[in-house]
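Worksheet: one structure, shown below.
The values are calculated or read from the model by the stated rules, or taken from the named source; none is laboratory data. Only a predicted model underlies this, so the values are computations on that prediction, with no experimental measurement involved. Cβ: placed from backbone, ideal geometry, glycine included. Neighbour counts: every protein chain shown.
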Amino acid sequence: MRPNFDLALEGAAIQPVNGDCYRVRQWQGIPGIECAPDNRLWAAFYSGGKGEGPSNYVALVKSEDRGNTCSDLLYVIDPPEQVRAFDPCLWRDPSGHLWVFWSQSYSWYDGRCGVWASVCADPGAEAPVWSSPRRIADGIMMNKPTVRKNGEWLLPIAVWACHESPLNELPEQAFSNVYVSTDQGATFQLRGSADIPNRHFDEHMLVEREDGSLWMLVRAFYGIGESVSQDGGRAWSLGKPTMLGGPSSRFFIRRLQSGRLLLVNHYGFKGRSHLTAMLSEDDGLTWKGGLILDKRGDVSYPDGVQDQEGNIYVIYDRERDKAKEILMAVFTEEDIEAGTCISEHAVLRQVVNKASN
């Protein structure tokens with residue numbers, strides 16, 4: 001009997017956790033983080049089953065004290081049957097609303113997947129209210145949208161080209177795609193697609209440079225590739241490798257309040273160790289500083305956010321099926337330049353969540 005792939009087209013709602021059914025977790029990882037207007041932190045990651053597969057669900061936790069302590073699992077997105085929820089992304093839009101994005105697929109990868117979203121208008125409320133799940137597009141998105149100077153929202157959504165599709169119906173979408181909203185998230189349309197040779201799960205991120213061009217960085221088998229658009233994301237240059245190095249793994253890049261770019265990856269290392277934060281003052285042409293957030297092995301998948309006071313929070317995972325840790329580093333640009341923690345609230349390897357055995 002042919003699998004019912006269309007089960008993945010039914011969105012799973014965000015549900016509060018009741019009881020102990022999610023307490024024991026055999027693995028967990030792939031986190032995201034966001035800061036509410038009151039500096040409350042929200043974090044997301046996914047777990048379920050023995051690893052990445054049809055039993056996966058997304059979990060949400062929060063911190064009332066800027067990450068010094070964190071709640072246990074508060075909410076989950078847990079589709080039924082053979083549908084998995086995975087690759088969560090948290091993002092606060094310019095109006096202060098908190099978006100939770102995630103992907104759904106029938107089994108591990110059905111070739112179509114789909115990016116879903118639920119929105120909380122008041123993420124600082126004692127009892128947050130989440131909107132009904134809404135499907136944005138085919139594909140997968142685990143990294144935050146980018147807001148352009150003209151107000152457009154750009155979403156980095158990909159259909160994987162590195163795995164065969166059971167559905168075999170989306171070859172025209174198998175690129176590092178850019179979706180745009182010109183009406184603050186009311187609607188989304190495909191704007192353009194980049195084709196970076198040897199990309200691996202895409203996991204791309206977008207930066208608007210000072211000259212108005214868009215710079216796309218993409219995970220590749222060799223590290224990080226790049227492409228540039230001069231027309232708002234419609235057409236993209238031929239993809240090529242960057243000099244940023246690192247293993248084939250997720251990285252994080254974002255423009256800070258100062259105007260500098262922050263990059264977090266395994267710069268200078270071939271494996272998933274020595275997760276390092278660096279700064280650029282020239283739109284990524286050169287990088288300086290080098291704050292090692294965690295030099296241990298099997299640390300990966302950073303996501304980050306900056307609060308109103310300039311503190312930077314970077315979340316990542318460690319040993320997904322052994323230590324099962326979601327960790328966080330808190331630091332400032334001053335710490336990156338110094339190469340060590342010198343600011344008042346800086347802390348490394350802060351535990352956000354550790355799964356019970």
Practice item. Test each condition in (1) surrounded by 18 or more Cβ atoms within 10 Å (Cβ to Cβ); (2) under 21 Å from Ile157 (Cα atoms); (3) under 17 Å from the mean Cα position of the chain (by Cα) for Ala8 and report the one that comes out false. Key: (3)
Study note, to complete from the structure: Result of the Cβ filter at 9 Å on region 320-336, keeping first residues that are on the phi > 0 side of the Ramachandran plot and partners that are of a type in the set (A, V, I, L, M, F, W, C), at least 6 apart or interchain, is Lys324/Trp27; Lys324/Ala355
Practice item. Please specify each residue of region 244-285 satisfying the condition of being in a loop (DSSP other than H, G, I, E, B) and of a type in the set (Phe, Trp, Tyr). Key: Phe251, Tyr267, Phe269
Exercise for review: List every residue pair whose Cβ atoms lie under 6 Å apart, where the two residues are 6 or more positions apart in sequence or sit on different chains, the first residue falls within region 20-34 and is touching a residue at least 40 places away in the same chain (Cβ under 8 Å), and the second residue, located anywhere, is in a strand (DSSP E or B) and surrounded by fewer than 15 Cβ atoms within 10 Å (Cβ to Cβ).
Suggested key: Arg23/Ser356; Val24/Ser356
Study note, to complete from the structure: Residue hits (region 51-83; without any contact (Cβ under 8 Å) to a residue 60 or more places away in the chain and basic (Lys, Arg)) are Lys62
**Study point:** Residue that is surrounded by the fewest Cβ atoms within 10 Å (Cβ to Cβ), among those in region 81-136 that are more than 18 Å from the chain's Cα centre (by Cα) and among the aliphatic types (A, V, I, L, M)
**Key:** Ala127
Check your understanding: Hey, among the residues in region 80-126 that are of a type outside the set (S, T, N, Q) and in contact with a Cys (Cβ under 6 Å, 6 or more places away or on another chain), which one's farthest from Asp38 (Cα to Cα)?
Key -> Phe101
Revision key, fill the gap. Across region 46-70, the tally of residues that are assigned to a strand (DSSP E or B) and out of contact with any Ser or Thr (no Cβ under 8 Å at 6 or more places or on another chain) stands at 4
**Study point:** Subset of region 16-34 (residues that are in contact with a Pro (Cβ under 9 Å, 6 or more places away or on another chain) and either outside any strand (DSSP E or B) or not acidic (Asp, Glu) (or both))
**Key:** Ile30, Pro31, Gly32
Practice item. Could you grab the pairs with beta carbons closer than 9 Å, sequence gap of 6+ or different chains, first residue in region 345-357 and over 17 Å from Leu60 (Cβ atoms), second one aromatic (Phe, Trp, Tyr)? Key: His345/Phe331; Ala346/Phe331; Val347/Phe331; Leu348/Phe331
**Study point:** One residue from Gly304, Gly246 being within 23 Å of Asp87 (Cβ to Cβ) and modelled with pLDDT under 95
**Key:** Gly246
Review point. Looking at region 317-329, is at least one residue among the aliphatic types (A, V, I, L, M), part of a strand (DSSP E or B), crowded, with 22+ Cβ neighbours inside 10 Å and touching a Gly at 6+ places or on another chain (Cβ under 6 Å)?
Key: yes
Exercise for review: Taking the residues in region 189-243 that are of a type in the set (Asp, Glu) and in a loop (DSSP other than H, G, I, E, B) as candidates, determine which candidate is surrounded by the most Cβ atoms within 10 Å (Cβ to Cβ).
Suggested key: Asp195
Revision key, fill the gap. Screening Gly67, Gly48, Gly29 for residues that are over 16 Å from the mean Cα position of the chain (by Cα) and farther than 16 Å from Ser105 by Cα leaves only Gly67
Study note, to complete from the structure: Going through region 224-256 in order, the residues found to be among the charged types (D, E, K, R), under 22 Å from the mean Cα position of the chain (by Cα) and under 19 Å from Leu285 (Cα atoms) are Glu226, Arg254, Arg255
Practice item. Kindly indicate the residue of region 141-162 that is of a type in the set (Val, Ile, Thr) and touching a Leu at 6+ places or on another chain (Cβ under 7 Å) and also modelled with the lowest pLDDT among those meeting that condition. Key: Val159
